[in-house]
Every structure is written in C-alpha cells, then in structure tokens.
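Here's the structure, in structure tokens; my notes come after.
Any read-out appearing in this document is the output of simple, stated calculations on the displayed coordinates, not a laboratory observation. Keep in mind that what you see is a predicted model, and the values were worked out from it rather than measured. We place every Cβ from the backbone using ideal geometry, glycine too, and count neighbours over all the protein chains shown.
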Amino acid sequence: MTRWKEILISPSTPILKAIEIIDAGAMKIALVADEQNRLLGTVTDGDIRRGILKGISLNEEVRVVMNSNPITARSTEAKETVLAIMKLKRLHQIPIVNEQGVVVGIEILDNLLKSNYRDNWVVLMAGGLGTRLRPLTDEAPKPLLRVGSKPILETIMENFIEYGFRKFYLSVNYKAEMIEEYFGDGSRWGVEIRYIREDKQMGTAGALGLLPEKPSNPIVVMNGDLLTKVNFQQLLDFHLEHHAQATMCVREYDFQVPYGVVKVDKLKLIGIDEKPIHKFFVNAGIYVLDSAALELIPKGEYFDMPSLYEKLMELNCETVVFPIREYWMDIGRKDDFDRANGEFWEVFG
C-alpha cells in the first residue's frame, strides 16, 4: 500500500493530468478525494476511455468521468478478505479507507497474487504481402522491416512482454521462413513462440481458424504492421471488466470537408457549415477475443475480422470498443514507414 498518496487528486483535476498519474504509476488508478482525503471517487483508464467515447474533452475536470461509487475495503479487514472481494468483483485495485471514509491506502491485485504474468496467448498477424511498401518488401516481409533499431514485429512483441505476456503465435505466409529464422522459438526473449502457417492468404481473421488448440483465456490479436504504445494490460482488463466476448480497439479519425456544407430543406437554404470537421472512430487492428468468438471463424477459409464482428453483433454477443489514446501508427505505405522511423526514438527510445 506504499506511495498511494501520489495518486490522490481533487475532483477539479483536469482529465489530462489524471492520465499522467495513471500512466506513470504501477497502480493504474487515481483516487479522487477532498481536502481531508475523504474518498469521493476513483478514476481508471477504463473510465477515461469511456469518457472519450462519449465525446468528453480531456481538458474537462476529472469529476465528469470518475466512478463516484467505488468499491472499497476497510483498513481493519484481513488481506485474505480483501483479495476475495477483488476476485469476486473482478477488481485490479481497491482503495482502503477507515471508518470515516478517509483514504489510508490501496491494494493492487498483482501485488497480492505476487505476479503480473499473463497466461493469455497473443496472435500477431505477420503473413501479409506488403504490396504497398514495395520495393522494400521485395527482399523481406513487412514485419521484418526495421523501424528504428529493430524489426517492426520485434518492437510489437517487446511491448507485449513489458505487460507480462509470454505466449505468442505468429501467423506467417509471405517469406515465412525469414520470420521463423529470426524469432525461432522465442527463447531469446524468454517467451514461447509458435507459428500458424498459412498456405494461402486468409484475411485478417481466417488464420485464427488454424489455431491448434482452443484457448482457455481471451486471446489478443494484432496486425503485425502496427507500432503503438497501447497499454495491453489495460486493454485486457477493459475486456474482462465489460464481460465482453470481443473487444475492438478504435482510434479517432478527423476529416475536414474542404468546402462550405450547405443545408437545405427542399429548395430553401437553411444553413451553411463552413469547412466542418467530422470525427469518426475507425478500426485500429487490435482485438481481444474469447474462445466462443473463435468458434464462429470458418476453418481453412478467407475471413476478415469485420465479418467476425458482424456475426457476433447479429447474435447479440457482447462486443465493445476500446478507444486508443496512445501513439498508434499503421505502417502501410512508404510515407508511413518514413514517418515511423522519424518518430521511433522519441516514442520507443
């Protein structure tokens, strides 16, 4: 329960400042309290991302996104009791308060369990042809192109390792032997790597139908040509918190119409919106899937991830979106590749 005072904030704290506090510490939460340290609420990464989806500005006060009725534990309760509460409620952090509701500490589930190891498999899609990056991909597959000091796929894998993931499947096709030779069985990174070998292009989800076993835990799936600083631990926690069968990472995309948009009612001019900016959430190529969702993928057929999500929605399965607020770059074209190289050391150095 040490250093908990560093995550105390007031309800008027800007959301941006709360993000800094959450991201900087191992506790991944901020505690909102009054001047006497009485607990008013909590703020997690999930609370903030839900606010983003509602269109709340990150400059607003944290009170608009905080959980004002958090589950707490008393300082007099045994650690075994606190751990049982956290498991029952699927909590990763729980504030500890005294009888007056004053914060006196915080317990973190990983600390109580003495481990941050994730038993979830990560599937990295590394079988694409990289056509738009030719001639760079004539000699090497896109996941092995170097951005900064190492291949794209190595940076991706190391980011997952940082968050406790140790089991990887690499889906390979184009120049598969080069990827297999570079990464081997993963022992160089202290992880386990297995391979899904596509004998044909199978789309962004089809290769999952080739998994040799049914996973007992949710799996994380990511395109092998993305560079991002997404917190994968927060992503998986978000998926579990919402009892989802499928989670899709999304990012905000802005598009400005270069003209004045005219509003009409039949022949009558009723307004002019000068060069409006439209905002959308677009698919970011990172997913979390439960084993039940994988059963919907046809075996040995071409199948894209949007088709899987459409099926899940048709069946009224719980599908949620996780908005990315961190660095994200899809290296699909030569100018994306050049930009990623220019930004690498600032972001990943």
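Comparing Cα centroids, segment 7-29 and segment 230-297 end up 25 angstrom apart. Can you classify segment 87-128 as rounded, prolate or oblate using the Cα gyration tensor, where a ≥ b ≥ c are the square roots of its eigenvalues, rounded means a/c under 1.5, and otherwise it's prolate if a/b beats b/c and oblate if not? It comes out prolate by the Cα gyration axes. Could you tell me which of the pairs Lys54/Lys150; Lys89/Lys311; Lys87/Lys279; Lys54/Lys214; Lys17/Lys54; Lys28/Lys89 are separated by over 27 angstrom between their Cα atoms in the structure shown? Distance filter (> 27 Å) returns Lys54/Lys150; Lys89/Lys311; Lys87/Lys279; Lys54/Lys214. Of all beta bridges that DSSP places with both ends in the chain, some 60 percent have antiparallel geometry. Given their separation in residues at 0.36 nm each and the Cα-Cα distance between them, Arg146 and Gln36 gain 34.3 nm when the chain is fully extended. Shape call for segment 4-113 from the C-alpha gyration tensor, a ≥ b ≥ c root eigenvalues: rounded (a/c under 1.5), prolate (a/b greater than b/c) or oblate? Prolate. Across all directions, the shadow cast by the convex hull of segment 118-348 built on its C-alpha atoms averages 15.8 square nanometres.
Please list, in chain and number order, the residues 5+ apart from Val321 or on another chain whose amide H is under 5 Å from its amide H, with Hs placed from the backbone. When sequence neighbours closer than 5 places are left aside, the close amide H contacts are Met248. For segment 240-282, the residues whose backbone nitrogen is under 13 Å from a point 7 Å from the Cα of Trp328, taken along Cα to Cβ, are 248-254, 280-282. Reducing segment 67-95 and segment 302-328 to their Cα centroids gives an inter-centroid distance of 31 Å.
Coupling constants for segment 60-72 follow from the phi torsions by the Karplus curve (6.51 cos²θ - 1.76 cosθ + 1.60, θ = phi - 60°), and in residue order they are 6, 6, 5, 4, 7, 10, 6, 7, 7, 9, x, 7, 10 Hz; glycine and proline get x.
Summarising the amide proton neighbourhood of Phe165: residues at separation of 5 or more, or on other chains, whose placed amide H is nearer than 5 Å comprise Arg118.
Restricting segment 231-286 to trypsin sites (Lys or Arg not before Pro) that sit in a DSSP loop and have at most 13 other Cβ atoms within 10 Å of their own Cβ leaves Lys266.
Taking the helices alone, the chain has a mean residue ellipticity at 222 nm of -8000 deg cm²/dmol, built from -39,500 (n - 2.57) per DSSP H run of at least 4 residues and averaged over all its residues. Straight-line cross-link reach from Lys263 at under 17 Å between alpha-carbon atoms covers these lysines, not counting any fewer than eight positions away in the same chain: Lys275. Taking amide H atoms as placed 1.01 Å from N in the peptide plane, the amide H of Arg194 lies under 5 Å from those of Phe168, Tyr169, Leu170, each 5 or more residues away in sequence or on another chain. Within the chain, which is the longest segment that contains none of the GluC sites (Glu not before Pro) sitting in a DSSP loop with at most 16 other Cβ atoms within 10 Å? In the chain, the maximal stretch lacking such sites is 100-212. Between Ile71 and Leu112, the simple spin-label model (points 7 angstrom out along Cα→Cβ) gives 0.9 nm.
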